[in-house]
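The values are calculated or read from the model by the stated rules, or taken from the named source; none is laboratory data. Remember, predicted model here, so these are calculated numbers, not experimental data. Heads up, the Cβs are rebuilt from the backbone with ideal geometry, glycines too, and the neighbour counts pull from every protein chain shown. All accessible areas refer to the heavy atoms of the entire protein, side chains included, with ligands and DNA or RNA removed. Shrake-Rupley method; radii C 1.70, N 1.55, O 1.52, S 1.80 Å.
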Amino acid sequence: MFDTDLSHKALEIRKKTLEIIGKLGVGHIGGSLSVVELLTVLYYKRMKIDPLNPGMEGRDWFVLSKGHAGPALYCVLADLGFFPEEWLLTLNTGGTNLPSHCDRVRTPGIDMSTGSLGQGLSATVGITLAQRIDGHDNWVYVCIGDGESQEGQNWEAAMTAAHYKTDRLIAFTDFNKMQIDGLTEDVMGIEKIEDKWASFNWHVQRIDGHNMVAIDDAIEIAQGVSGRPHMIILDTIKGKGAAFAEGNPGNHNMVFDIKTAREAIDALDAKSGEAI
Amino acid sequence: MDMRDVYTETLMELADKDDRIVLLEADLMNATGTRPFKAAYPDRFFDVGVSEADMVGVAAGLSAAGKIPFAASFGCFASRRVYDQFFLSANYAQLNVNLVGTDPGITALFNGGTHMTFEDAGIMRNIPQLRVLEPSDEVSLRKLLPQIAHWPRSVYLRLHRKGGWSFYSEDETFEIGKGKLIREGSDITLASFGMVMLQETLKAADLLEKKGIHADVIDVLTLKPLDRELVLASARKTGLIVSCENHNIYNGLGSAVAEVLAEDGVPARLRRIGCQDKFGEVGKIDYLMETFGLTAAHIVDTAEALIGMKKTA
């Protein structure tokens, strides 16, 4: 049940993300598609949220520190009813509430403005500390990118999170192996990434980031470990599910039209039909 | 009392009434003098170690979740070091992060050029809608801090740390965005920003008075938004204005005054007392005042030169 329903939801989100960026003609497709399974598990299974009351006291929080993956998150938020579905087709057009990078002021359901890489984790630590002061037992989630992990501020925040034992903070690294200038390990290697976080006194797991059962299980395990913040490294594929994007070194911010998007969507539908 | 003690004492009074008040430090708790706050409110005080960028980001997160954070460091770090974090995580995100840059300008003393921030207020002026303040005495600091805390958006507070004085009476009222005309004359306007310069500017006004020159003295208090009407009304009256700042003449008070004068078409001549586009250096206060041209004598000379130009014009 879990697998079938959530798989269907992930497929919808992936297709919608392709459609809205394809309609616009350009966008951060690679890093949007690599986090679809994570967003699906968080928003459709794990998070305590209310689309009609995005600021609900004691809710769970999610900071998309790799703010350029906003389009995938917007598809989730629209589907859940945080804002009208029609907004999705305004992505990155003048006056939109859905800009390229996440904006807490403009978009209902966005918990933090991000886009200058490296800043989301610090904010997440602050949110977690505030929840502790207020005595909430909610969870605060954050997703950073693999290229983003090269930003020094992450490691400042890593120390602060561990020092203050923010065990209600669960972070994910979308390790899709690619960044703008090439393969992450060629541009500025971050391996062994799990050892880095472990040495900063974080509780660390590493899993297949496209396997939703594995993501859900890892969250369950993290929630059972107290005294340390949690990092779940997601091994993912940049551009996952779209043949024109997967493995394409230019898939960070890509120009493609709606026809290309529709072909990818059709291929996803065909594959999903085969699976059933 | 030291301005830093006014800062801590006032925030403790605020914190007692408002449990949203939280403090952050980056290994300068003893310099800022906030240890008593930590002792009184240990759950609302966070020292993040030497990581100012993280401090501002954590403060932004605390604000996003409903707290009212004050985060302090030396002004050089609280501006240059954290500009992008303060810009995006705090200001673009429309959060209430109160960032405190201590030891403005020459008050960095023996920390010297690496720490002597003549540029912090200037770069902060470029952040949209940010309020930039430097209280000029203990009373203005005490009275402005509650307003800063409850202003719904971010503020950059330039804080003189060691030493203090009470210029204003305890019943004086203050408002973010409003300056004070603290002395009235008719011949020239002296506009001052911050504690060091207000003391020198008042001395200069006394010296000028002895020479028969009557000066308007304005204590700006808020650099951004500048109290435009106050400055323009005085400039229209006197036709001559000297800006006095413990900051580079670029992008600080002198620039702000020039902008409003030019935009309004007020025919007033302006001269700018301040750091003349130089890097800081180590020294005692008297040496630094002299070296960077910030003394009452410098202000008097500049004012007299302006008056001389007016007479010959």
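Just a few scattered comments:
- Value of Rg/Rh across the stretch B:264-313 [Cα atoms, Kirkwood radius]: 1.10
- Close amide H contacts of B:GLY283 (hydrogens built in the peptide plane, cut-off under 5 Å, sequence separation of 5 or more or a different chain): B:PHE110, B:GLY112.
- Computed from the C-beta positions of A:MET188 and A:HIS163, the FRET efficiency with R₀ = 30 Å rounds to 0.70.
- Comparing the full protein assembly with the isolated chain, the residues of the stretch B:81-105 losing at least 20 square angstrom of accessible surface (1.4 Å probe) are B:ASP84, B:GLN85, B:LEU88, B:SER89, B:TYR92, B:ALA93, B:GLN94, B:LEU95.
- Pair A:ASP257, B:GLU281: separation of 7 Å Cα→Cβ label points (nm): 6.6 nm
- Taking label positions 7 Å along the Cα-Cβ direction at both A:ALA267 and A:VAL225, the computed distance is 3.7 nm, reported to one decimal.
- Each DSSP beta bridge with both residues in chain B is either parallel or antiparallel, and the antiparallel ones are about 10%.
- Rounded tilt (10° steps) of B:52-64 against the dominant C-alpha axis of chain B: 70 degrees
- Positive-end extreme of charge dipole, the protein assembly as shown - chosen from B:TYR287, A:ILE29, A:PHE175 (charges on Cβ): B:TYR287
- At a probe radius of 1.4 angstrom, the accessible area of the stretch B:159-313 per residue rounds to 44 square angstrom.
- Grouping the Cα pair distances of chain A into 5 Å bins from zero gives a pair-distance distribution of 1, 6, 13, 18, 20, 18, 13, 7, 3, 1, 0 percent in increasing distance order.
- Within the accessible area of chain B, the carbon and sulfur atoms contribute 51%, probe 1.4 Å, all protein chains present.
- Solvent-accessible area, 1.4 Å probe, carbon plus sulfur percent, for chain A: 52 percent
- Given charges at beta-carbon only (K, R positive; D, E negative), |dipole| of the protein assembly as shown in Debye: 1040 debye
- Chain B, relative contact order [Cα under 8 Å, separation at least 6], %: 17 percent
- Against the main long axis of the alpha-carbon atoms of chain B, helix B:253-264 sits at an angle near 60°.
- Averaged over its residues, the stretch B:108-151 has an accessible area of 32 Å² per residue, based on protein heavy atoms and a 1.4 Å probe.
- Interface B:A - total buried accessible surface [probe 1.4 Å, Å², rounded to 100]: 2100 Å²
- Kirkwood radius and radius of gyration were both taken over the C-alpha atoms of the protein assembly as shown, and their ratio Rg/Rh is 1.06.
- For chain A, share of DSSP beta bridges that run antiparallel, in % to the nearest 5: 15 percent
- Shape box of the stretch B:50-133 [Cα atoms, principal axes, largest first, Å]: 39, 26, 18
- Considering all different alpha carbon pairs of chain B, the Kirkwood hydrodynamic radius works out to 19.5 Å.
- Length gained when the stretch B:GLU229-B:LYS311 is fully extended (0.36 nm per residue, less Cα-Cα span): 26.9 nm
- Remark on the stretch A:139-157: accessible area falls by at least 20 square angstrom from chain-alone to full-complex state for A:GLN153, A:GLU156, probe 1.4 angstrom.
- Between 0 and 90°, nearest 10: helix B:296-312 axis offset from chain B longest Cα axis: 40 degrees
- Entries of A:LYS15/A:LYS238; B:LYS237/B:LYS311; A:LYS45/A:LYS196; A:LYS23/A:LYS48; B:LYS178/B:LYS237; A:LYS192/A:LYS271 with Cα pairs more than 22 Å apart: A:LYS45/A:LYS196; A:LYS23/A:LYS48; A:LYS192/A:LYS271
- Rolling a 1.4 angstrom probe over the protein heavy atoms with all chains in place gives chain A an accessible area of 38 Å² per residue.
- Globularity index of the stretch B:67-106, i.e. its alpha-carbon radius of gyration over 2.2 N^0.38 Å: 1.16
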